[in-house]
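The values are calculated or read from the model by the stated rules, or taken from the named source; none is laboratory data. Quantities reported herein were computed from a predicted structural model and do not represent experimental measurements. With ideal geometry, Cβ positions are generated from the backbone for all residues, glycine too; neighbour counts draw on all protein chains shown. Calculation scope for accessible area: heavy atoms of the full protein, side chains included, ligands and nucleic acids excluded. Shrake-Rupley method; radii C 1.70, N 1.55, O 1.52, S 1.80 Å.
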Amino acid sequence: MSVANKIFNNDWQEILENEVNQEYFQKLLKDVEGEYEKYTCYPPKSQIFNAFCLTPYKKTKVLILGQDPYHNPNQAMGLAFSVSKGIDLPPSLVNIFKELETDLKIPFPNSGDLSNWANSGVLLLNAILSVRKNQPLSHSELGWQRFTDRVIQILNEKSEPMVFVLWGAYARSKSKFITNKKHFVIENVHPSPLSAYRGFLGSRPFSKINAFLKLSGQQMIDFNL
C-alpha cells in the first residue's frame with residue numbers, strides 16, 4: 001500500500017489526489033500496513049478501499065455511512081453494513097433487510113453482499129476503514145476519520161443533489177459537514193437490535209431515497225439484491 005501506487009481505479013484517484021499525497025495519509029497507510037503485519041485485521045487488505053472502487057465519485061448519488069468494519073472473521077468486505085456471499089447476516093443487516101422488505105416489498109435477500117447497491121450509486125462508506133479481529137474501534141486512532149471526513153465534505157460540494165444516510169449517533173455527528181441545502185439528509189437511530197425498534201423499523205428510508213432522486217431528475221436506486 002505504497003502511496004506511490006494507484007489507490008483507486010476510477011475518478012476518485014484524481015478527486016482525492018491532494019488528500020492521499022498529504023503527510024498524514026502517507027503515515028496512515030504505513031500504520032495500517034504495520035497493523036496488518038502484526039495482527040489479523042479486516043477487511044482483507046485488498047478490499048480496504050472497496051467502497052470507492054465499486055462506486056465512482058461521478059456515480060455516487062447516495063452515501064450510507066457506517067462507523068468501522070465488522071470485526072469477526074470473514075465478514076468485512078470494505079462496504080459498510082455488507083458481508084460476503086455465504087456469510088451469516090449480522091443483526092444490523094437483518095434489520096436493514098426487514099425494513100427493505102417492509103418499505104419496498106423487496107423479498108428478504110439471501111445474501112448480505114450489498115455490491116449491487118454500490119454499483120447502483122450507493123457509496124457504502126465506513127468512517128474507519130479497518131479494524132483488528134474481535135476489537136471494534138481498534139483503528140479509531142490511526143487517522144481514518146480525517147480522510148473520510150474530507151470525503152464527506154467533497155461529496156457535500158457536489159453540484160448534483162445527493163442523499164446522505166446517517167444511522168446512529170456516530171454517523172449523525174457527521175451531519176455538520178453536510179451544509180449544501182440541495183442535498184437530502186436522512187438521520188435516524190442505528191439499525192442494530194439495541195435501537196432499531198426506537199424508530200429505524202418503519203422509517204422507510206429506501207422509498208425516501210428514491211423519491212428524492214426522482215424529484216431531482218435522477219435515476220432511482222435499484223435496491224434489489
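Rolling a 1.4 Å sphere over the protein heavy atoms, what is the accessible area per residue of region 26-91, to the nearest Å²? Write out the running numbers ahead of the final one.
Details: 3000 Å² over 66 residues.
The answer is 45 Å² per residue.
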Problem set entry | Low-density loop positions, trypsin sites (Lys or Arg not before Pro), region 80-158 - DSSP coil, at most 16 other Cβ in 10 Å | 85, 105, 133, 158
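Go ahead and estimate [θ] at 222 nm for the chain from helices alone: -39,500 (n - 2.57) per DSSP H run with n ≥ 4, summed, over the residue count, rounded to 500.
Values: 9 runs with 76 residues, N = 225.
Helices in the chain give a 222 nm mean residue ellipticity of -9500 deg cm²/dmol.
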Problem set entry | Contact order normalised by residue count of the chain, Cα under 8 Å, 6+ apart, percent | 22 percent
Problem set entry | Placed amide H near residue 22: partners under 5 Å, 5+ positions off or other chain | none
Exercise. Which residue, chosen from 205, 188, 109, occupies the Cα position most advanced towards the positive end of the dipole of region 73-225, where the dipole is computed from +1 (Lys, Arg) and -1 (Asp, Glu) charges on Cβ about the Cα centre?
Worked result: 188
Problem set entry | Heavy-atom accessible surface of the chain: percent carbon and sulfur, 1.4 Å | 49 percent
Problem set entry | residue 192-residue 137 pseudo-label distance in nm [points 7 Å out on the Cα-to-Cβ vector] | 0.9 nm
Problem set entry | Cα centre as origin, Lys/Arg/Asp/Glu Cβ charges: the chain dipole, Debye | 500 debye
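What is the chain by shape, rounded, prolate or oblate, if you read a ≥ b ≥ c off the alpha carbon gyration tensor as root eigenvalues and call it rounded for a/c under 1.5, prolate for a/b larger than b/c, and oblate otherwise? Mind dumping the intermediate values first?
Values: a/c = 1.71, a/b = 1.24, b/c = 1.38.
Cα axes put the chain in the oblate bin.
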Problem set entry | Qualifying GluC sites (Glu not before Pro) for region 1-53 [loop in DSSP, other Cβ within 10 Å: at most 12] | none
For this session: Find the relative contact order for region 8-87 and round it to a whole percent, using C-alpha pairs within less than 8 Å whose residues are 6+ positions apart.
Result: 30 percent
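Solvent-accessible area per residue for region 185-225 at a 1.4 Å probe radius, Å²? Don't jump to the answer; show the numbers that get you there.
On the way: 2320 Å² over 41 residues.
Per-residue accessible area for region 185-225 comes out at 57 Å².
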